[in-house]
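As structure tokens, the structure follows; a few thoughts come after it.
The values are calculated or read from the model by the stated rules, or taken from the named source; none is laboratory data. Bear in mind that the values here come from a model prediction, so they are computed numbers and not experimental data. Cβ atoms come from the backbone with ideal geometry, glycine included; neighbour counts cover every protein chain shown.
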Amino acid sequence: MIEYEGRVFRPPSEAHSLIVQVTIGCSHNKCTFCDMYREKCFRIRRLDQVKRDFEAARQMYRKVDRIFLADGDALMCRAEHMAEILCYIREIFPECERVTSYGSPASILCKTQDELNMLHTLGLDMIYLGLESGSDEVLRRVNKGETADEIVRAGLMVKQAGMKLSVTCIAGLGSLELSEEHAIGTAEALSRMKPEYIGLLTLLFELETPLMRDWKEGRFYLMNPIEIAQETLILLEHIDAEGSVFRANHASNYVNLAGTLNADREAMCERLRQALEGKVKFKNEAFRAR
Ligand code: SF4
């Protein structure tokens, strides 16, 4: 049996991957909008525990194409620790085509470029990095723990290592007050990184978080669908990320968008303009989810 502690999160594109926890929780765990790992005390799992899970999976599955290393920032373990895990994956899942993990900016920046290069050589193919916003003021308010410049530097190190980079950001995170700054700053940060994949989510409250409390108590304004569409339009008008696959087709988004930048930018902008004119319907609140 594979052991999972607590709720396990994974990017939508890892829906069919084998998931094994290399760490438990998130080493930062302080972003005011995030409830994912609140109940978990961060720790790195022992190698023998991780290997036992892989052995259990080998018994259960004849073919494993993709592996996602959980939790919030599996990359926070030392490079040698991760290297041993990657070697073990190669040994017992020779058929595996892709190994990925979340990587918090801190977990990337605490590695040298040589260490990241080595991890890629050993099979780490892609990192999911949360930018959330390219505005330092938004990042400060949500207690992200890093500046936009630091997150961009982390993203560029991942790319330099030869790994693919998938970056997420969150519409509405700066509220109306910082909406334009958030949109333009995020477009600039994404343009500097030009990640292979960009995922735009929309802020949504489900479980209690500090930001949700601020909203309930009137200290934070949650933007409406029209304001979110206007903000997304500004973001797309300012982005220059040739080749990046852009997706805003998550359950939290009011208007689904998908395309490859920069070629499909105008078509996505047009769809947003149509939504603002009432020609494309916003997703009903009841159908939004995280
Ligand atoms: S770094 Fe990521 S997982 Fe950790 S608290 Fe922030 S958003 Fe949540």
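So the values come out like this:
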{"read-out": "Residues that are farther than 20 Å from residue 138 by Cα and under 15 Å from the mean Cα position of the chain (by Cα), drawn from the stretch 164-209", "value": "164, 165, 166, 194, 195, 196, 197"}
{"read-out": "Residue 173 being within 23 Å of residue 35 (Cβ to Cβ), in contact with a helix residue (DSSP H, G or I) (Cβ under 7 Å, 6 or more places away or on another chain), touching a residue at least 40 places away in the same chain (Cβ under 8 Å) and in a loop (DSSP other than H, G, I, E, B)", "value": "yes"}
{"read-out": "Single residue of 33, 93, 68, 42 found to be farther than 26 Å from residue 247 by Cβ, surrounded by 16 or more Cβ atoms within 10 Å (Cβ to Cβ) and within 16 Å of the ligand (Cβ to nearest atom)", "value": "42"}
{"read-out": "Qualifying residue in the stretch 144-155 (condition: of a type in the set (Lys, Arg), closer than 30 Å to residue 98 by Cα and assigned to a loop (DSSP other than H, G, I, E, B))", "value": "yes"}
{"read-out": "Residue list for the stretch 270-290, filter: farther than 19 Å from residue 12 by Cβ, outside any helix (DSSP H, G or I) and either of a type outside the set (Lys, Arg) or modelled with pLDDT of 95 or more (or both)", "value": "277, 278, 279, 280, 282, 284"}
{"read-out": "Residue that is surrounded by fewer than 16 Cβ atoms within 10 Å (Cβ to Cβ) and modelled with pLDDT under 95, where the choices are 251, 267", "value": "251"}
{"read-out": "Subset of the stretch 100-116 [of a type in the set (Val, Ile, Thr) and more than 14 Å from the ligand (Cβ to nearest atom)]", "value": "100, 112"}
{"read-out": "Pairs, first under 17 Å from residue 215 (Cβ atoms) and part of a loop (DSSP other than H, G, I, E, B) in the stretch 26-38, second of a type in the set (Lys, Arg) and near the ligand (Cβ under 8 Å from one of its atoms), C-beta under 8 Å, six or more apart", "value": "31/144"}
{"read-out": "Any hit, the stretch 102-109, residues being in contact (Cβ under 8 Å) with a residue 40 or more places away in the chain and over 30 Å from residue 182 (Cβ atoms)", "value": "no"}
{"read-out": "Checklist (1) part of a helix (DSSP H, G or I); (2) away from the ligand (no atom under 16 Å from the Cβ) applied to residue 63, failing item", "value": "(1)"}
{"read-out": "Helices (runs of 4 or more DSSP H) fully within the stretch 177-241 counting 3 or more residues that are touching a residue at least 60 places away in the same chain (Cβ under 8 Å) and either closer than 20 Å to residue 273 by Cβ or in contact with a helix residue (DSSP H, G or I) (Cβ under 9 Å, 6 or more places away or on another chain) (or both)", "value": "225-238"}
{"read-out": "Boolean, residue 6 is in contact with a Phe, Trp or Tyr (Cβ under 8 Å, 6 or more places away or on another chain) and either buried (at least 16 other Cβ atoms within 10 Å of the Cβ) or not small (Gly, Ala, Ser) (or both)", "value": "no"}
{"read-out": "Subset tally (residues that are closer than 19 Å to residue 150 by Cα, hydroxyl-bearing (Ser, Thr, Tyr) and surrounded by fewer than 18 Cβ atoms within 10 Å (Cβ to Cβ)) for the stretch 114-129", "value": "0"}
{"read-out": "Any chance residue 74 is under 29 Å from residue 184 (Cα atoms), aliphatic (A, V, I, L, M) and out of contact with any Leu (no Cβ under 8 Å at 6 or more places or on another chain)", "value": "no"}
{"read-out": "Members of the stretch 15-30 found to be over 20 Å from residue 51 (Cα atoms), crowded, with 17+ Cβ neighbours inside 10 Å and more than 7 Å from the ligand (Cβ to nearest atom), listed by number", "value": "27"}
{"read-out": "Number of the exception - residue 135 against (1) under 20 Å from residue 166 (Cβ atoms); (2) touching a His at 6+ places or on another chain (Cβ under 7 Å); (3) among the small types (Gly, Ala, Ser)", "value": "(1)"}
